[in-house]
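The values are calculated or read from the model by the stated rules, or taken from the named source; none is laboratory data. It should be emphasised that the depicted structure is a prediction, and the values quoted were computed from it without experimental measurement. Methodologically, a virtual Cβ is constructed for each residue, glycine included, from the backbone with ideal geometry; neighbour enumeration extends over all protein chains shown.
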Amino acid sequence: MATPDVQYLSSGDTALTVQFGTVIERELNSRIVALGHSIAQAAIAGVSETLPTYRSLLVNYDPLVVTRDELVAQLQPLIESPPEAGDAAPAHWQIPVCFDSDLAPDLAHVAAASGLDENEVIKAMLEVTHHVYMLGFAPGQPYMGDLPPALNIPRRENPVARVEKGSVVTATSLTIIYAVPNPTGWHVVGRTPVEIFNLAREEAILFKPGDKVRLSRIERDEFDELTAQVDDGSFDMTRLRQP
């Protein structure tokens, strides 16, 4: 396999950014995620952590153990020979979301801006298999894509000071599920009762980069019931994982 046109960019003296391109697209991001898996399998001496983003992989390393040039030399064959799909197969998730107006205060605006009605916006979000490009901004918070072109709308002109955890927000054809309460400049179009980040769990962070996520619509009574289960610890997280 030919080596992709990558750039190796120094990020200080203890990190290297491996940049694969300049656009946000699934194929490019999948190569980045695959490289992260390959580095973990190779157990390169001196490498402590990798962090995937939309279009690059940050590799943290100890320059007293491995130099920058030595690291690049060890990364190149991993880029040329990515792992088999089965070695880094993404998890598939089904996340319940309620779209009632008090949980989706910006749904009407998104509908008007996109030229769709509210049910068409919801339908579009439910039909997409969302690709988790990266986690960031807050612990375990996924940046996911890609929505249809009609939903490629800009962020809010005026950010709001707080949205609740579990809020499903969208802008620029992307979707985020908020891991914790936070301010946002994105449009709030729903909320899930699922905690995507919880330090009390063995796996505190639900998603990983490269995972696939489908949203399913639930009514308010089910949302309230599932919220109560999450709060008392009886919610079965395994029901979210799909074959």
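Checking the condition under 19 Å from V194 (Cβ atoms) and under 23 Å from the mean Cα position of the chain (by Cα), which residue from P105, P149, P142, P159 passes?
Within the list P105, P149, P142, P159, the selection yields P142.
Conditions tested, residue by residue: (1) surrounded by 12 or more Cβ atoms within 10 Å (Cβ to Cβ); (2) at pLDDT 95 or above; (3) part of a loop (DSSP other than H, G, I, E, B).
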site	(1), (2), (3)
M1	no, no, yes
P4	yes, no, yes
L9	yes, yes, no
T17	yes, yes, no
V23	no, no, yes
S30	yes, no, no
S38	yes, no, no
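In the range 205-222, what residues are closer than 30 Å to R26 by Cβ and either loosely packed, with under 14 Cβ neighbours inside 10 Å or aromatic (F, W, Y) (or both)?
Of everything in the range 205-222, those that are closer than 30 Å to R26 by Cβ and either loosely packed, with under 14 Cβ neighbours inside 10 Å or aromatic (F, W, Y) (or both) turn out to be F207, S216.
Could you list, in sequence order, all residues of the range 106-158 that are assigned to a helix (DSSP H, G or I), in contact with an Asp or Glu (Cβ under 9 Å, 6 or more places away or on another chain) and surrounded by fewer than 17 Cβ atoms within 10 Å (Cβ to Cβ)?
Across the range 106-158, the qualifying residues are A108, A150.
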